[in-house]
Amino acid sequence: MNCFRELRPFAVVAALLTAWLPAEASRAETVRVGIVGASSDAPFFIADAKGYLSEEGLALELMSFDTGAKMVAPLGTGELDAGGGAVSVGLYNAVKRGVGLKVVADKVHYGPGYGFASLLVRKDLVESGKFRGYGDLKGLRVAISGIGIGDESVLNEALKRGGLKWGDATPVHMGFAQHPPAFANGAIDASITNEPTSTFIQRQGSALRFAGNDEFYPNQQTAVLLYGEPFIKNRRPAALKFMRAYIRAVRFYNDALAGGRLAGPNGPEVISILTKYSSLKDAAVYRAITPPAIDPDGVINVESLTKDWQFFRDTGQLDGKVAPTDIVDRSFMAEIVAALGPYVARR
């Protein structure tokens, strides 16, 4: 699985400096975490940058994936300990085959005013009047980031708003990085695109934001924190330590939010961390994007997972033998939140 590995510069530097660190620090336990390269990876970056992980005796190793679905196999084998991505058909089918993994905390949901992903429509279609509302999605080519993922259910909700049904628009499956050129060359008519790619496309001038996902599918549990079974069973103390660092980071992140932007008290520091750890280095983009909502206690919206699961069943992608309740484990989150106490927003 090494083809998926992409160590960030900070991780490489950390490895090179290990010989110069005190013996106790050099014994930090490594936690390998899968990311998809979105701004919703912020809690992992914050946990490292603020020292929350090092305080737990943990060291972070990041591994990049095109989609969360590709994390399933390495999570099951133990090559990956944790990951942040969408709940997919592949995840349910993997659990059905005996691959052990669990959804343990929120990573992204579409909270009010925080439509981290948006329905974008080609600019010429809007300006010509060919697209005025959800009903005009009929017959359009709509890019979504993968097959059998929650964004299919998101598109279905948009279609329903226009009195349409699944199949009335044509899904075009491509990674978010492909959305900008696809809009530019006319290969797609619309898309469900997350940040910061959504803002990049709008600045490119090839598409306009019609609606945030929070407007037509409010509070969808779009991405989650996943733990692999080897991490849960063989390294539970480390899994709890990682959860503590994660929840602390999520709470720090929540104090960066205000008015649908990274404009809260911790906003400047979170933007600085994002520019340091992610491939996008333009702080102005992070100030402009609609950031994701992440519950400060990591609470998982099982009702939303169930709605998407039912969509997968209705479209013949799942047989329903593994349900959302079979893949959710709240024990790590509950233990850490009880120890940390209630979240108090910074003013």
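The values are calculated or read from the model by the stated rules, or taken from the named source; none is laboratory data. On a predicted model such as this, the values are computed, not experimentally measured, just so you know. Neighbour counts are summed over all protein chains in view; Cβ atoms, including those assigned to glycine, are modelled from backbone coordinates with ideal geometry. With ligands, DNA and RNA removed, areas are computed over all heavy atoms of the protein, side chains included. Shrake-Rupley method; radii C 1.70, N 1.55, O 1.52, S 1.80 Å.
Worth pointing out:
- Computed accessible area, Arg261, all protein chains, 1.4 angstrom probe, square angstrom: 90 Å²
- Taking segment 202-341 and dividing mean pair separation by its residue count, relative contact order in percent (alpha carbons under 8 Å, at least six apart): 24 percent
- Whole-number percent relative contact order across the chain, with pairs defined as alpha carbons under 8 Å at least 6 apart: 24 percent
- Probing with 1.4 Å while keeping every protein chain in the model, the per residue accessible area of the chain equals 41 Å².
- Residue-wise HN-Hα couplings along segment 309-317, as the Karplus relation 6.51 cos²θ - 1.76 cosθ + 1.60 with θ = phi - 60° gives them from phi, are 4, 5, 4, 4, 5, 5, 9, x, 8 Hz; Gly and Pro carry x.
- 11 Å beta-carbon shell around Ala223, net charge (K/R +1, D/E -1): -2
- Area accessible to solvent at Ser206, 1.4 Å probe radius, in Å²: 20 Å²
- Segment 63-104-segment 187-212 distance, computed between alpha-carbon centres (Å): 28 Å
- Among the listed pairs Lys107/Lys130; Lys107/Lys307; Lys241/Lys321; Lys70/Lys276; Lys241/Lys307; Lys107/Lys281, those with a Cα-Cα distance over 27 Å are Lys107/Lys130; Lys241/Lys321; Lys241/Lys307.
- Relative to one another, the C-alpha centroids of segment 327-347 and segment 108-143 are positioned 35 Å apart.
- Largest-first ellipsoid semi-axes for segment 194-347, taking √(5λ) over the Cα gyration tensor eigenvalues, angstrom: 28, 24, 14
- Computed from backbone phi, the HN-Hα couplings of segment 276-286 come to 6, 8, 9, 6, 7, 10, 8, 4, 5, 5, 5 Hz, rounded to whole numbers (Karplus: 6.51 cos²θ - 1.76 cosθ + 1.60, θ = phi - 60°; Gly and Pro given as x).
- Dipole of the chain [Lys/Arg +1, Asp/Glu -1 at C-beta], most positive-end residue of Leu137, Ala184, Val337: Ala184
- 5 angstrom amide H check on Ala223, placed H, neighbours 5+ away: Lys107, Val108
- Taken one residue at a time, the phi angles of segment 127-135 give Karplus couplings (6.51, -1.76, 1.60, θ = phi - 60°) of 5, 7, x, 6, 10, 10, x, 4, x Hz. Gly and Pro are set to x.
- Accessible area of segment 58-116 belonging to carbon and sulfur atoms, whole % at 1.4 Å probe: 55 percent
- Charge dipole magnitude, Cβ of K and R +1, D and E -1 - the chain, Cα centre, debye nearest 20: 200 debye
- Solvent-accessible surface (1.4 angstrom probe) belonging to Phe183, in square angstrom, nearest 10: 10 Å²
- Kirkwood Rh in Å, taken over all unlike Cα pairs in segment 186-283: 16.6 Å
- Given charges at Cβ of Lys, Arg, Asp, Glu: the chain dipole, positive-most of Phe231, Ala284, Ala323: Ala284
- Legend: residues Val299, Val344, Val270, sorted from most to least accessible area (1.4 Å probe; ligands, DNA and RNA excluded), read Val344, Val299, Val270.
- Order of exposure, largest accessible area first, which applies to Trp166, Trp309 with probe 1.4 Å: Trp166, Trp309
- Taking every DSSP helix (H) stretch of at least 4 residues in the chain, weighting each as -39,500 (n - 2.57) and dividing the sum by the residue count yields a mean residue ellipticity at 222 nm of -11000 deg cm²/dmol.
- Ranking Leu140, Leu305 from most to least accessible surface, computed with a 1.4 Å probe over the protein chains only, gives Leu140, Leu305.
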